[in-house]
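**Student:** One structure follows; several queries about it will come next.
The values are calculated or read from the model by the stated rules, or taken from the named source; none is laboratory data. Here the structure is a predicted model, which means the values were calculated and not measured. Because the Cβ atoms are built from the backbone with ideal geometry, glycine has one as well, and the counts that use them run over all protein chains shown. All accessible areas refer to the heavy atoms of the entire protein, side chains included, with ligands and DNA or RNA removed. Shrake-Rupley method; radii C 1.70, N 1.55, O 1.52, S 1.80 Å.
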Amino acid sequence: MKTVSFAANETVFSWIARCHIRYGAGNVRHTYQELLGIDDVRIHPYLPSHLQQVLPGSGLDEEQLLAQHTLYMLFRFFEHDAKGLLRRVMCHSEGSPVHAAHIPHAALSIPLEHQYCSICAHEQRATLGFSYFDIRYQIPGVIACPRHQCMLVAVPCGDGALDKHICLPHVISVPTERYVKEAKFAQFCIEVCDGIRAHPGAVFSQYSYLNVLDRKGFITQQGHLRLRQLIDALRAFYADIRLPRGAEALLTFDFIGPLLRKKTHSPMHPLPHLLVGYWLFSGDAVCYFNVPTAIEQLPLPIEETASADELIKRGLVNGLSLNSLAKQTGKSRCYIRRVAELNGILHLSNELAFDSKIREMVVFQAQLGLHRKTIANNLGVGMGYVEQVISNTPELVSWRKTLARLQKVAAAKEIIRTARLAHPDWVRKDIKAHCSKAFFCLYHNNKAALEQLLPPKKQPQSPSFDWAKEDSRLFEAISALKPPYPKSLSSLGRVVKDRAHLRERLHLLPKTKALLLKLKIPLIANRKI
């Protein structure tokens, strides 16, 4: 196969198709065999493998092939190749690129298709003499041509999911319907890919989202996301957009929380990123690569996007009653009272409220670790009041959790200590089996104390093998055989599954040895008689 140069942004599948058509390498199997070294192959539209076999006939190096003719850089930018696995799979075929890029984890059933614009294909034929599949049109989520604002034509990936019939784009009737919003979104996606190529060392930063969200008022002063308002804004913006088949579930934007929260953040498919970035950056792809500086990261005044907590604090400062605040914010009076007490704001409570002495006693007994019901009985108040005081006192809930954990640890120590006194012969596994709850309580909370309480470690001893039982098993297995018998110990051992005992341990199998002598099976292969 002669060298065929790649066109600008041409996919690997399109290049293989041109090689096949231009030089007529027999059937498709012959082309695959000559280019890739295999007969049947599924060529992924944007994450193909076997790239090392493509390099000699392409005139490109590995970096150029990955960056300009696959979407490897897009997936690498969005955290899908931190350890270089995706690159190794694509270049050296050490697995599946789809799994290495975590595409199954996205739960998106977007069909594998090669997409092209019919008008662009006509222009390519006029200027180059052939048409080809553009890698930029294979970006997940792109369904329209940004230049001509027409829907892309999709060619399914081969017959029965195997590319046994390869072809190039062909010109069909010129479409008349315009898809403006889809075309603008496609233009943004292409600009993101071009930006990633221009910044090969760039890696996605979550702060590029959070900084802009902060300036737009979607993050509270305490650093929490206003998730409900954010999702509503995204749903309203994308209410009339079309996505590829299988990606419609993304329009619920339930992925926003896992994408933006620091504790739940993990690598996510590029399409959710592109949907968020297009809305958040107002179509400016450069924002992915220009992270705002610390001076620019100033929170804007909270106006109509103010959270319920902010409205409650303002109302309490202005002297509004709990009832009026409950009607305005839709929160319960208990919730409003909690916000007030956590922020040290005086509020108007009803006439039945307990005085400060009762509250101080509730806090004191709660600090001692008493149960809420016990505190309520001791002071003659309701358990709901006790729960409110505990939850509204800063740091009291965390202190009670710490105290409860310390109490459990002390009880677990006493259980293990008592078990050791009652059973001095127990080893570690016995204590773990009979006192498992106490064992794991210490294991997770105080390993040093557990190590001091447990008996000393003992060297593991392998169980002794029961040769008498093995002798009986082999004796019965050989007795059940019918003539003609195997002519050697090795062949006999394979029949009765002796694990090499007949050849190496026959001196420990007296019954079996006597039977072999009786059956006149030669014992020449035996090493110990």
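**Student:** Accessible area per residue for the chain in Å², computed with a 1.4 Å probe and the full protein assembly in place, what is it?
**Tutor:** Per-residue value: 55 Å².
**Student:** Hey, another quick one. Would you work out which of Pro483, Ala468, Val496 lies farthest towards the positive end of the dipole of region 459-529? Charges go on Cβ: Lys and Arg +1, Asp and Glu -1.
**Tutor:** Pro483
**Student:** Separate question: Of Ala236, Ala249, Ala410, which is farthest along the charge dipole of the chain in the positive direction, counting Lys and Arg as +1 and Asp and Glu as -1 at C-beta?
**Tutor:** Of the options given, the answer is Ala410.
**Student:** So what is the relative contact order of region 128-281, in percent, for Cα pairs below 8 Å that sit 6 or more residues apart?
**Tutor:** Worked out over region 128-281, it gives 24 percent.
**Student:** Also, I was wondering about something else. So between Asn445 and Trp467, what do we pick up on full extension, going 0.36 nm a residue minus the alpha carbon distance?
**Tutor:** Taking 0.36 nm per residue and subtracting the Cα distance, the gain is 3.4 nm.
**Student:** Based on the Cβ-Cβ distance from His92 to Leu251, what FRET efficiency comes out when R0 is 41 Å, to the nearest 0.05?
**Tutor:** 0.60
**Student:** Give me the percent of accessible area attributable to carbon and sulfur for region 22-181, probe 1.4 angstrom.
**Tutor:** C and S atoms contribute 53 percent here.
**Student:** Follow-up. Under a point-charge model restricted to the Cβ atoms of Lys and Arg (+1) and Asp and Glu (-1), what is the dipole moment magnitude of region 448-490 relative to its Cα centre, in debye to the nearest 20?
**Tutor:** Here region 448-490 has a charge dipole of around 140 debye.
**Student:** Find how many whole Å separate the alpha carbon centroid of region 189-232 from the alpha carbon centroid of region 59-134.
**Tutor:** 24
**Student:** Over the Cα atoms of region 113-221, what radius of gyration and what Dmax do you get, in Å?
**Tutor:** Spelled out, the Cα radius of gyration and Dmax of region 113-221 are 18.0, 60 Å.
**Student:** Which whole-number percentage describes the relative contact order of the chain, with Cα contacts under 8 Å and a sequence gap of 6 or more?
**Tutor:** 9
**Student:** I've got another one for you. If you roll a 1.4 Å probe over region 322-452 with all protein chains in place, what percent of the accessible area is carbon or sulfur?
**Tutor:** That fraction is 56 percent.
**Student:** Of all beta bridges DSSP finds with both residues in the chain, what is the antiparallel percent, to the nearest 5?
**Tutor:** 100
**Student:** With the Cα gyration tensor of the chain giving a ≥ b ≥ c as the square roots of its eigenvalues, does the rule (a/c under 1.5 for rounded; else a/b larger than b/c for prolate; else oblate) give rounded, prolate or oblate?
**Tutor:** oblate
**Student:** Please report the orientation-averaged projected area of region 39-104, defined via the convex hull of its C-alpha atoms, in nm².
**Tutor:** 4.5
**Student:** Just from its helices, what would the mean residue ellipticity at 222 nm be for the chain, if runs of 4 or more DSSP H residues each count -39500 (n - 2.57) and the sum is divided by every residue, rounded to the nearest 500 deg cm²/dmol?
**Tutor:** -14500 deg cm²/dmol
**Student:** Can I ask one more? Multiplying the sequence separation of Ser436 and Leu368 by 0.36 nm and subtracting their Cα-Cα distance, what value in nm do you get?
**Tutor:** Between Ser436 and Leu368, full extension yields 21.7 nm more.
**Student:** For Leu509, enumerate residues with amide H under 5 Å from its amide H, sequence gap 5+ or separate chain, H modeled in the peptide plane.
**Tutor:** none
**Student:** Counting only residues 5 or more places away or on other chains, whose amide H sits under 5 Å from the amide H of Ile219 once H atoms are built in the peptide plane?
**Tutor:** Arg226
**Student:** So which helices of the chain fit the span-like rule, where a helix is a whole DSSP H run, its Cα atoms reach 30 Å or more along the axis, and its mean Kyte-Doolittle is at least 0.0?
**Tutor:** 396-422
**Student:** Dipole magnitude of region 1-151 about its Cα centre, charges +1 at Lys/Arg Cβ and -1 at Asp/Glu Cβ only, in debye to the nearest 20?
**Tutor:** It comes to approximately 200 debye.
**Student:** With no other cysteine's Cβ closer than 4.7 Å, which Cys residues of the chain count as lacking a disulfide-compatible partner?
**Tutor:** Within the chain, the cysteines lacking a partner Cβ under 4.7 Å are Cys19, Cys91, Cys150, Cys157, Cys167, Cys189, Cys193, Cys287, Cys334, Cys435, Cys441.
**Student:** Using the Cβ atoms and a cut-off under 14 Å, what net charge is assigned to the surroundings of His224, where Lys and Arg are +1 and Asp and Glu are -1?
**Tutor:** Result for the neighbourhood of His224: +2.
**Student:** In the chain, with Lys and Arg counted as +1 and Asp and Glu as -1 at Cβ, which of these residues, Asn392, Pro97, Leu275, has the Cα nearest the positive end of the dipole, that is, farthest along it?
**Tutor:** Asn392
**Student:** Another question about this same structure. Please get the size of the charge dipole for the chain, origin at its Cα centre, with Cβ charges of +1 on Lys and Arg and -1 on Asp and Glu, quoted in debye to the nearest 20.
**Tutor:** Here the chain has a charge dipole of around 3220 debye.
**Student:** Could you pull out every residue, at least 5 positions away or on a different chain, whose amide H is within less than 5 Å of the one on Gln115? Hs are placed 1.01 Å off N in the peptide plane, and Pro or chain starts have none.
**Tutor:** The list, which skips near neighbours in sequence, is Val155.
**Student:** With a cut-off of 8 Å between alpha carbons and a minimum separation of six or more residues, what is the relative contact order of region 55-145 in percent?
**Tutor:** Result for region 55-145 is 20 percent.
**Student:** Now for a different question. Nearest 0.05, what FRET efficiency do Ala411 and Val203 give at R0 = 41 Å with Cβ-Cβ as r?
**Tutor:** The pair Ala411/Val203 has a calculated efficiency of 0.25.
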